[in-house]
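Everything below concerns the one structure shown next.
The values are calculated or read from the model by the stated rules, or taken from the named source; none is laboratory data. Since the structure is predicted, the reported quantities are computational estimates derived from the model, not experimental observations. As a convention, Cβ positions derive from the backbone with ideal geometry for all residues, glycine included, and neighbour counts pool all protein chains shown. Each accessible area value is taken on the protein alone, full model and side chains, heavy atoms only, with ligands, DNA and RNA left out. Shrake-Rupley method; radii C 1.70, N 1.55, O 1.52, S 1.80 Å.
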Amino acid sequence: MSGSENTTNRVYVISKDFGWIPGKVLTTEGSKAKVEVRDYEEDIHIPACEVGEILNPSTSQKKRGIKNVGVKEFEVNLKDKTYAGGVLPLQNVDEDGKLIEVDDMVDLSFLHEAAILYNLKARHAKGIPYTRTGDIVIAVNPYQWITELYSEEVRCTYADKLVWNATQDADPKSDVNPHVYETSSLAYRGLAVDGQHQSILVSGESGAGKTETVKILMSHLASVQSSGNEGLKS
């Protein structure tokens with residue numbers, strides 16, 4: 001399959017079981033599209049995009065002797081209000097059909113619900129809980145403490161790059177990876193350096209990690225000044 005085909009016929013379709021699933025457009029005619037998707041049974045086995053011909057089966061499928069996830073074709077009604085403008089949402093993939101994962105989802109070529117969810121899923125699978133959307137930091141609860149993300153060195157790095165030695169000619173966030181520490185650092189800078197009142201909104205569903213996030217934010221806010229003093233001493 002050519003690179004252009006990989007980038008133009010890879011789409012997401014709505015699924016009553018899994019929300020959105022990746023698929024491949026086979027044909028379109030008027031307001032109808034024939035799409036090929038995998039026959040998934042567990043959402044954990046759904047990849048961000050499909051490249052290989054063989055995908056691993058679920059545990060229940062393995063017990064039944066199924067060696068790879070099968071494919072199925074079905075017709076999609078493009079008049080369905082789920083599909084804005086009567087088109088299927090495209091996947092953000094390269095010419096090899098592989099997902100283009102981004103730190104800041106403002107940089108997604110195709111920005112829609114499915115693209116956001118699968119970008120977050122791909123990063124979560126790699127143990128990366130934080131993703132940026134402009135000035136907003138999105139955190140996906142990893143349900144474990146990732147020590148290396150919150151070391152003293154990391155805390156000082158964000159304070160240094162976003163507060164004490166922030167880039168003046170460009171967005172200072174471009175110098176760091178998405179992290180809740182960027183929120184606390186920028187809030188501190190806005191208050192202490194720019195003299196502007198600041199507020200931080202932490203929202204999410206029950207169990208999303210709001211309380212833990214606030215603890216991390218407050219702890220970092222309390223340490224920003226000391227990290228600046230250490231820098232001045234050195």
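What is the one condition in (1) closer than 30 Å to residue 173 by Cα; (2) open to solvent by less than 80 Å² (accessible area, probe 1.4 Å); (3) part of a loop (DSSP other than H, G, I, E, B); (4) at pLDDT 85 or above that residue 47 does not satisfy?
(4)
So residue 224 ticks every box in (1) open to solvent by less than 50 Å² (accessible area, probe 1.4 Å); (2) at pLDDT 95 or above but one. Which box is left unticked?
Single failed check for residue 224: (2).
Could you go through the range 167-186 and let me know if any residue there is open to solvent by 50 Å² or more (accessible area, probe 1.4 Å), under 18 Å from the mean Cα position of the chain (by Cα) and of a type outside the set (Ser, Thr, Tyr).
Filtering the range 167-186 down to residues open to solvent by 50 Å² or more (accessible area, probe 1.4 Å) leaves 167-171, 174-175, 177, 186.
So of that shortlist, the ones also under 18 Å from the mean Cα position of the chain (by Cα) come out as 174, 177.
Filter once more, keeping what is of a type outside the set (Ser, Thr, Tyr): 177.
Yes, the conditions are met somewhere in the range 167-186.
For residue 192, all conditions in the list (1) out of contact with any Ser or Thr (no Cβ under 9 Å at 6 or more places or on another chain); (2) modelled with pLDDT of 95 or more; (3) not in a loop (DSSP other than H, G, I, E, B) hold save one; what is the number of the exception?
(2)
When the residues of the range 165-183 are filtered to those that are in contact with a Lys or Arg (Cβ under 9 Å, 6 or more places away or on another chain) and in a helix (DSSP H, G or I), which remaining residue is nearest to residue 211 (Cα to Cα)?
Looking at residues that are in contact with a Lys or Arg (Cβ under 9 Å, 6 or more places away or on another chain) and in a helix (DSSP H, G or I), I get 181.
Condition check: at pLDDT 90 or above and either touching a helix residue (DSSP H, G or I) at 6+ places or on another chain (Cβ under 6 Å) or within 21 Å of residue 105 (Cα to Cα) (or both). Does residue 154 satisfy that? Even if it seems obvious, please write down each step before you answer.
Working: at pLDDT 90 or above: yes; either touching a helix residue (DSSP H, G or I) at 6+ places or on another chain (Cβ under 6 Å) or within 21 Å of residue 105 (Cα to Cα) (or both): no.
No, not satisfied.
Within the range 86-121, which residues are part of a helix (DSSP H, G or I), acidic (Asp, Glu) and in contact with a strand residue (DSSP E or B) (Cβ under 9 Å, 6 or more places away or on another chain)?
Going through the range 86-121, the residues part of a helix (DSSP H, G or I) turn out to be 86, 105-107, 113-121.
Subset that is acidic (Asp, Glu): 107, 113.
Within the range 86-121, 113 is the sole residue that qualifies.
Filtering the range 126-151 down to residues that are farther than 14 Å from residue 102 by Cα and of a type in the set (Phe, Trp, Tyr), which residue is least open to solvent (accessible area, probe 1.4 Å)?
150
Can you give me the number of residues within the range 122-151 that are of a type in the set (A, V, I, L, M, F, W, C), over 14 Å from the mean Cα position of the chain (by Cα) and either assigned to a loop (DSSP other than H, G, I, E, B) or at pLDDT below 95 (or both)?
Taking the range 122-151 first, the residues of a type in the set (A, V, I, L, M, F, W, C) are 122, 125, 128, 136-140, 145-146, 149.
Pick out the ones that are also over 14 Å from the mean Cα position of the chain (by Cα) and you get 145-146, 149.
Right, trim to either assigned to a loop (DSSP other than H, G, I, E, B) or at pLDDT below 95 (or both) and you get 145-146.
Counting residues in the range 122-151 that are of a type in the set (A, V, I, L, M, F, W, C), over 14 Å from the mean Cα position of the chain (by Cα) and either assigned to a loop (DSSP other than H, G, I, E, B) or at pLDDT below 95 (or both) gives 2.
So which pairs qualify, if the first residue must be in the range 111-139 and free of Cβ contacts under 8 Å to residues at least 60 places away in the same chain, the second must be open to solvent by less than 40 Å² (accessible area, probe 1.4 Å) and of a type in the set (Phe, Trp, Tyr), the Cβ gap must be under 6 Å, and the two must be at least 6 apart or on different chains?
137/130
Could you check the range 57-85 and list, in sequence order, the residues that are at pLDDT below 90, of a type in the set (Val, Ile, Thr) and part of a strand (DSSP E or B)?
Residue satisfying the conditions is 71 alone.
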